[in-house]
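The values are calculated or read from the model by the stated rules, or taken from the named source; none is laboratory data. Since the model is a prediction, treat every value here as computed from it, not as a measurement. Here the Cβ positions follow ideal geometry from the backbone for every residue, glycine too, while neighbour counts run over all protein chains shown.
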Amino acid sequence: MDRNEHEHVIEVTDLRRVYGGGFEAVRGISFSVRPGEIFALLGTNGAGKTSTVELLEGLARPSGGQVRILGHDPYTERAVVRPRTGVMLQEGGFPSELTVAETARMWAGCVSGARPTEEALALVGLAGKTDVRVKQLSGGERRRLDLALALLGEPEVLFLDEPTTGLDAEGRRDTWELVRALRDAGTTVLLTTHYLEEAEGLADRLAILHEGRIAAAGTPAEVTASQPSRISFELPEGYFLGDLPALGELGVIGHEVDGRVVRLRTRELQRAATGVLVWAERAGVELRGLDARSASLEEAFLGIAREASGSALEKEHVA
Amino acid sequence: MSGTTAVTTPTGRAVTTPAGRLASLARAELTLLGRSKGALVTAVLVPLALPFTLRSAVDQMDVKEAGLTVGMVLLPAAIGFSLLFAVYSTLVGVYTARREELVLKRLRTGELRDAEILSGAALPAVTTGLLQSLLVAAGSTALLDVPAPRAPHLAVLGLLLGLVMCAALAGVTAGLTRTVESAQVTTMPLVLVSMIGSGVAVPLELLPDNLASVCELLPLSPVITLVRGGWTGSLSAYEALGAVATALAWTVIAVFAVRRWFRWEPRR
């Protein structure tokens with residue numbers, strides 16, 4: 001049943017996008033999104049998220065591969081697809097001299113089956129700002145105006161390119177709540193983000209994009225499970241790594257020593273942790289700074305970034 | 001941002017029409033035109049003021065020898081100014097500003113077709129140009145003793161072709177314009193060439209014959225020829241047909257160039 005194409009609202013096959021200068025931003029990605037699902041494209045800046053989403057929105061023709069939205073090509077069958085989709089671009093898109101109400105009215109006149117503009121603005125908490133010019137809105141308010149307009153036509157498929165960038169913590173939570181409510185009402189949502197907690201908390205499934213390719217995909221739990229768990233502690237005074245039981249027998253697949261701090265990686269957290277703790281108990285020593293944890297999406301993400309290209313990406317996300 | 005209950009699934013959907021979408025866009029653009037002082041000066045003040053400054057220059061010209069009157073020079077000139085400033089220059093600014101604000105890109109994510117986006121944005125400027133031309137025609141009749149047009153259909157045809165052509169040429173120029181400020185520079189070539197070579201500021205009849213025959217091929221020349229011919233009634237069917245063909249050719253070329261080279265997003 002999964003293979004049945006009508007089961008998929010968004011179907012992407014071997015998608016490529018090469019820009020005029022020859023830069024290949026999207027390098028053959030495939031994924032599909034089921035009805036009523038929130039799917040996140042996660043990646044650092046420059047990973048190819050926006051380049052991909054623009055192809056899904058039908059703003060550009062793919063250099064290779066294929067996109068199907070509700071069974072149609074969003075670029076060549078624009079007139080069929082557009083009345084059923086809602087789009088929020090990564091930035092801007094509104095004349096700065098119009099008021100919020102005027103902007104919404106202009107947009108509503110171009111949307112089939114538009115709900116009342118006041119209702120859409122109230123959904124995103126902009127009901128009190130209708131007479132404010134767009135140029136006087138804060139960055140977060142502009143994002144919310146953009147979201148309101150994307151929701152005007154009560155779309156079946158919603159594309160949100162970094163919907164919460166520039167929002168404060170409260171605005172972000174409100175947007176998440178709204179996106180979940182839309183999903184629960186049957187809307188299919190594809191969003192991009194570089195916030196790991198956003199992808200982890202909001203998405204039913206996600207794909208991590210790196211340098212134009214999908215580096216990992218699945219539910220947040222699946223992606224996380226592909227990464228090893230970690231144990232770290234300080235070696236007690238007078239002890240060395242060699243004093244521990246054989247690491248391989250504890251299910252440890254990798255280790256680092258940084259001064260007195262030991263870090264172990266394992267796919268069998270309970271077995272490795274038990275081994276370490278039993279050893280400490282028998283030796284009668286205290287393991288300071290003991291920390292044992294399953295992989296988080298952040299670690300999975302960093303692991304992927306590190307494998308692929310080293311430290312530049314890592315800095316950005318650890319900071 | 002509350003109320004999960006307000007999120008409902010679509011029920012009976014009203015479908016938008018091209019006319020409705022155009023009207024919606026045009027209304028917003030009209031509001032924006034009214035709020036931009038610079039655009040208002042270019043669109044309203046300049047085209048109406050220029051004919052007055054031209055008046056004294058025309059009085060010095062040997063227009064009688066070319067079989068013309070002062071009114072017969074000033075009226076087409078005023079319509080030419082209106083096309084160049086109220087329509088062409090204004091629209092280059094509008095298209096460039098909307099592109100730089102990413103408005104065009106945002107509009108393209110919706111149901112509007114590309115041609116509707118450009119047409120809707122052009123409607124207020126084109127309407128301004130049309131109203132100005134009618135005003136100028138009425139004013140010339142009242143103030144400069146211009147008689148009623150002998151072949152009004154030619155004047156109307158010329159004006160309509162001019163309006164469409166100038167909007168299309170604005171699309172071409174906007175594709176070559178990076179910022180709203182640089183629009184003042186990029187619009188200069190067509191404005192200057194038209195003023196000098198298309199019979200706007202200097203009637204073609206006063207230019208040397210071989211130069212005049214080259215200038216007849218410039219974009220705005222057939223428009224001015226048709227408008228003036230519409231009033232004097234001295235245009236032969238052959239001449240009128242040639243002018244219409246020239247104007248159509250420029251319009252087709254411009255529309256092709258817009259389809260091929262128009263930039264919908266800022267350069268990065």
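A few points about this structure:
- Here A:Asp161 meets each of (1) without any contact (Cβ under 8 Å) to a residue 60 or more places away in the chain; (2) of a type in the set (Asp, Glu); (3) within 14 Å of chain B (Cβ to nearest Cβ) with one exception, condition (1).
- Selection over segment B:46-72 of residues that are at pLDDT below 80 and of a type in the set (A, V, I, L, M) gives a count of 4.
- Restricting attention to segment B:246-268, the residues that are assigned to a helix (DSSP H, G or I) and surrounded by fewer than 15 Cβ atoms within 10 Å (Cβ to Cβ) add up to 7.
This table checks each residue for (1) out of contact with any helix residue (DSSP H, G or I) (no Cβ under 8 Å at 6 or more places or on another chain); (2) modelled with pLDDT of 95 or more; (3) closer than 24 Å to B:Leu104 by Cβ.
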| site | (1), (2), (3) |
| --- | --- |
| A:Val33 | yes, yes, no |
| A:Leu42 | no, no, no |
| A:Lys49 | yes, no, yes |
| A:Thr52 | yes, yes, yes |
| A:Leu55 | yes, yes, yes |
| A:Pro62 | no, yes, yes |
| A:Leu89 | no, no, yes |
| A:Gly93 | no, no, yes |
| A:Val100 | no, yes, yes |
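- Of B:Ala138, B:Ala125, all but one fail to be surrounded by fewer than 22 Cβ atoms within 10 Å (Cβ to Cβ), among the aliphatic types (A, V, I, L, M), away from chain A (no Cβ under 14 Å) and under 23 Å from B:Gly158 (Cα atoms); the exception is B:Ala138.
Matching residues to (1) touching a Phe, Trp or Tyr at 6+ places or on another chain (Cβ under 6 Å); (2) touching a residue at least 60 places away in the same chain (Cβ under 8 Å); (3) acidic (Asp, Glu); (4) surrounded by 18 or more Cβ atoms within 10 Å (Cβ to Cβ):
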position	(1), (2), (3), (4)
B:Ala142	no, no, no, no
B:Asp145	no, yes, yes, no
B:Gly162	no, yes, no, yes
B:Ala167	no, yes, no, yes
B:Thr186	no, yes, no, yes
B:Pro203	no, yes, no, yes
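- Identity of the residue in segment A:76-88, out of contact with any Phe, Trp or Tyr (no Cβ under 9 Å at 6 or more places or on another chain) and at the interface with chain B (Cβ under 8 Å from one of its Cβ atoms), that ends up surrounded by the fewest Cβ atoms within 10 Å (Cβ to Cβ): A:Ala79
- From the options B:Ala245, B:Ala254, residue that is among the aliphatic types (A, V, I, L, M) and over 21 Å from B:Val92 (Cβ atoms): B:Ala245
- Segment A:71-108, subset closer than 15 Å to A:Leu158 by Cβ and assigned to a loop (DSSP other than H, G, I, E, B), residue farthest from the chain's Cα centre (by Cα): A:Pro74
- Extreme residue, nearest to the other protein chains (Cβ to nearest Cβ), among residues of segment A:184-198 that are at pLDDT below 90 and touching a strand residue (DSSP E or B) at 6+ places or on another chain (Cβ under 8 Å): A:His194
- Every residue from segment A:122-133 that is assigned to a helix (DSSP H, G or I), surrounded by fewer than 21 Cβ atoms within 10 Å (Cβ to Cβ) and touching a residue at least 12 places away in the same chain (Cβ under 8 Å): A:Lys129
Residue by residue, here is whether (1) among the charged types (D, E, K, R); (2) more than 14 Å from every other protein chain (Cβ to nearest Cβ) holds:
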residue	(1), (2)
B:Ile79	no, yes
B:Val87	no, yes
B:Tyr95	no, no
B:Glu101	yes, no
B:Leu107	no, no
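- Being modelled with pLDDT of 90 or more, over 24 Å from the mean Cα position of the chain (by Cα) and either within 12 Å of chain A (Cβ to nearest Cβ) or surrounded by 24 or more Cβ atoms within 10 Å (Cβ to Cβ) (or both) holds for only one residue in B:Thr9, B:Thr17, and it is B:Thr17.
- Qualifying residue in segment B:84-94 (condition: touching a strand residue (DSSP E or B) at 6+ places or on another chain (Cβ under 9 Å) and either at pLDDT 95 or above or of a type outside the set (Phe, Trp, Tyr) (or both)): no
- Matching residues, segment A:96-121, being at negative phi, within 7 Å of chain B (Cβ to nearest Cβ), surrounded by fewer than 24 Cβ atoms within 10 Å (Cβ to Cβ) and not polar (S, T, N, Q): A:Glu97, A:Leu98, A:Glu102, A:Gly109, A:Glu119
- Filtering segment A:198-211 to residues that are surrounded by fewer than 17 Cβ atoms within 10 Å (Cβ to Cβ) and touching a residue at least 40 places away in the same chain (Cβ under 8 Å) leaves only A:Asp204.
- Long-range neighbours under 7 Å by Cβ, at least six apart or interchain, first residue without any contact (Cβ under 8 Å) to a residue 60 or more places away in the chain within segment A:31-46, second assigned to a loop (DSSP other than H, G, I, E, B): A:Ser32/A:His8
- Helices (runs of 4 or more DSSP H) within segment B:95-211 that include 3 or more residues under 30 Å from B:Ala19 (Cα atoms) and not β-branched (Val, Ile, Thr): B:103-108, B:114-143, B:152-175
- Number of positions in segment A:245-262 that are assigned to a loop (DSSP other than H, G, I, E, B) and out of contact with any strand residue (DSSP E or B) (no Cβ under 8 Å at 6 or more places or on another chain): 3
- A:Val179 being surrounded by 18 or more Cβ atoms within 10 Å (Cβ to Cβ), facing chain B (nearest Cβ under 7 Å) and either under 20 Å from A:Ala203 (Cβ atoms) or at pLDDT below 95 (or both): no
- Residue selected from segment A:61-75 under the condition surrounded by fewer than 22 Cβ atoms within 10 Å (Cβ to Cβ) and out of contact with any Lys or Arg (no Cβ under 7 Å at 6 or more places or on another chain), by the criterion farthest from the other protein chains (Cβ to nearest Cβ): A:Gln66
- A:Asp168 meets all of the listed conditions (1) in contact with a helix residue (DSSP H, G or I) (Cβ under 8 Å, 6 or more places away or on another chain); (2) of a type in the set (D, E, K, R); (3) on the phi > 0 side of the Ramachandran plot but one, namely (3).
- Of the helices (runs of 4 or more DSSP H) that lie entirely inside segment A:136-226, those containing 2 or more residues that are in contact with a Leu (Cβ under 6 Å, 6 or more places away or on another chain) span A:139-151, A:196-202, A:220-225.
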